[in-house]
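Computed from the coordinates by the stated procedures, all read-outs in this text should not be read as laboratory data. For clarity, every value in this text was computed on a predicted model and none was experimentally measured. So basically every Cβ, Gly included, is an ideal-geometry build from the backbone, and we count neighbours across all protein chains shown.
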Amino acid sequence: MSVLTFIIVGKRDNPLYELVWQMRKDEPAHLNQFVIHAALDIVEDHVWSTQNMFLKTVDKYNDLYISAFSTASNVKLMLLHDSRSEDSIKGFLSDVYELYIKTLCNPFYDVGTVIHSTSFDARVKSLAKKYFGG
Amino acid sequence: MQSGSSGRPKRLQPLVDRPLSKGKGEVTLSAFGFLFSEMVQKCQNKARTVQELESRLCNYGEHVGVRVLELLTHREKGLKRETRLIPLLSFLTGSVWKTLFGRPADALERHTQNEDEYMITDKDPITNKFVSVPSDMGAFSCAAFVAGIIQGMISGADFVGIRFSCGCIWIWMEH
């Protein structure tokens, strides 16, 4: 099970945070981000049909899956991965959600802007290692 | 203050390492009154009209509203969020009001003719407790701050449209 890319998308479809682990060979640059962006429409539909924050797998691209998590203010955490191990994805996304709330609690952070914090970045990477094994 | 190796005081952890617990749950009224009075004074200095003053206060409240929505949803509801307007309003007048002001809102009513209008009543908003409004400011009320909090929460959850008029707090919204 390997994850390829994780993106936090704000309310205006702007990326707030991006983490790329690996690109497949021979692929155009930024294909991962493009695939995730294309899945946003589907996520928008799902968001109004359920009260769960965790939206499971919303889309598929060739052999890759996209899972989504939508927070209370409709900020979307999107993950591009290649196999379906739901528990670790759910755990990872819930933990990143808590990190996001902590970032929000900083009054100097403008909601809807890019998250620059290095400690946030370090924490997300360590969570990824914990749930997906590096 | 002692410094850790990164030059930061040792007792201050990075924000992301602190637990997201319930916290103390109470702040002294005087601390809030002091901070709020400074906010109102700052808005007053920058604003030229009463309308602008009101909308600046409302704007401050919006910043709070978005954060309150996320934080309290996480504390009270775990991994579920609101997709319908009326449950969101009940959440707002119940849990949110209790967390922010120590008691639930006095009333939540729906307008008789326009189905899209709702009114949340708070007879004694904490923002107006220590404020005296001069008569030339007309119908101004510092509860614009609270209206801003509500606005931040409602638009954070992607519902649209709010208009504030003072006295109590009137909300007019569409979805």
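Residues in the range B:98-112 that are closer than 25 Å to B:Val27 by Cβ and part of a loop (DSSP other than H, G, I, E, B): B:Gly102, B:Arg103, B:Pro104, B:Ala105, B:Asp106. For first residues located in the range B:67-96 and facing another protein chain (nearest Cβ under 10 Å), partners that are of a type in the set (S, T, N, Q) and not in a helix (DSSP H, G or I) and lie 6+ apart or on another chain with Cβ distances below 7 Å form the pairs B:Leu69/A:Ser73; B:Glu70/A:Thr71; B:Glu70/A:Ser73; B:Leu79/A:Asn52; B:Lys80/A:Gln51; B:Lys80/A:Asn52; B:Arg81/A:Gln51; B:Thr83/A:Gln51. Of all residues in the range A:61-98, those that are hydroxyl-bearing (Ser, Thr, Tyr) and over 16 Å from B:Arg81 (Cα atoms) total 6. Summed over the range A:64-83, residues that are more than 12 Å from every other protein chain (Cβ to nearest Cβ), over 13 Å from A:Leu16 (Cβ atoms) and within 8 Å of the chain's Cα centre (by Cα) total 4. For the range A:8-60, a residue qualifies if it is under 26 Å from B:Leu85 (Cα atoms), touching a Leu at 6+ places or on another chain (Cβ under 8 Å) and charged (D, E, K, R), and exactly one does: A:Asp13.
Might you let me know whether the range A:102-109 holds any residue that is of a type outside the set (Phe, Trp, Tyr), closer than 24 Å to B:Lys80 by Cα, away from chain B (no Cβ under 12 Å) and out of contact with any Asp or Glu (no Cβ under 8 Å at 6 or more places or on another chain)? No.
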